[in-house]
1. Going 7 Å from the Cα of THR71 toward and past its Cβ, which residues in segment 1-23 have a backbone nitrogen under 20 Å from where you end up?
2. Need one number: convex hull volume per residue for the chain, Cα atoms only, in Å³.
3. Order 10-21, 53-64 from most to least packed using the mean count of other Cβ atoms within 10 Å.
4. Length gain on complete extension for the stretch ARG82 to GLU15, per 0.36 nm per residue less the alpha carbon to alpha carbon distance?
5. For the pairs LYS52/LYS81; LYS34/LYS84; LYS8/LYS64; LYS22/LYS64; LYS44/LYS64; LYS52/LYS84, note any where the Cα-Cα span goes beyond 20 Å.
6. If we count every other residue with Cβ under 14 angstrom of ALA47's Cβ, Lys/Arg +1 and Asp/Glu -1, where does the sum land?
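Any read-out appearing in this document is the output of simple, stated calculations on the displayed coordinates, not a laboratory observation. Note that the structure is a prediction, hence the values are computed from the model and not measured. For neighbour counting, all protein chains shown are included, and Cβ atoms are generated from backbone atoms with ideal geometry for every residue, glycine included.
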Amino acid sequence: MANSTQAKKRIRSNERRALVNKSRVSRIRTFIRKVEEAIDSGDKSSAADALKSAQPEIMRGVTKGVMHQKTASRKVSRLAKRVKAIA
């Protein structure tokens, strides 16, 4: 249990930040899911558009600290590879 005033304040601020981070991660997952759905449908142009909108969102997660830079790069790379493979 937190004893000092500062420790209690940190608990409150950590809870607020956790909500923000949770929504940001959820938003990133939604963008990734849209790309995957477009890939599954087989429509290359919509998949490319979805990837183009998802890529900045994924990288924004890196700058905000909810995702590691190499993880984000790996996800973008694999999505781009799958989009490119659509005939």
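1. 14-23
2. Each residue corresponds to 89 Å³ of Cα convex hull volume.
3. 53-64, 10-21
4. The ARG82-GLU15 span can extend by a further 20.4 nm.
5. Beyond 20 Å between Cα atoms: LYS8/LYS64; LYS44/LYS64.
6. Around ALA47, the charge tally is +3.
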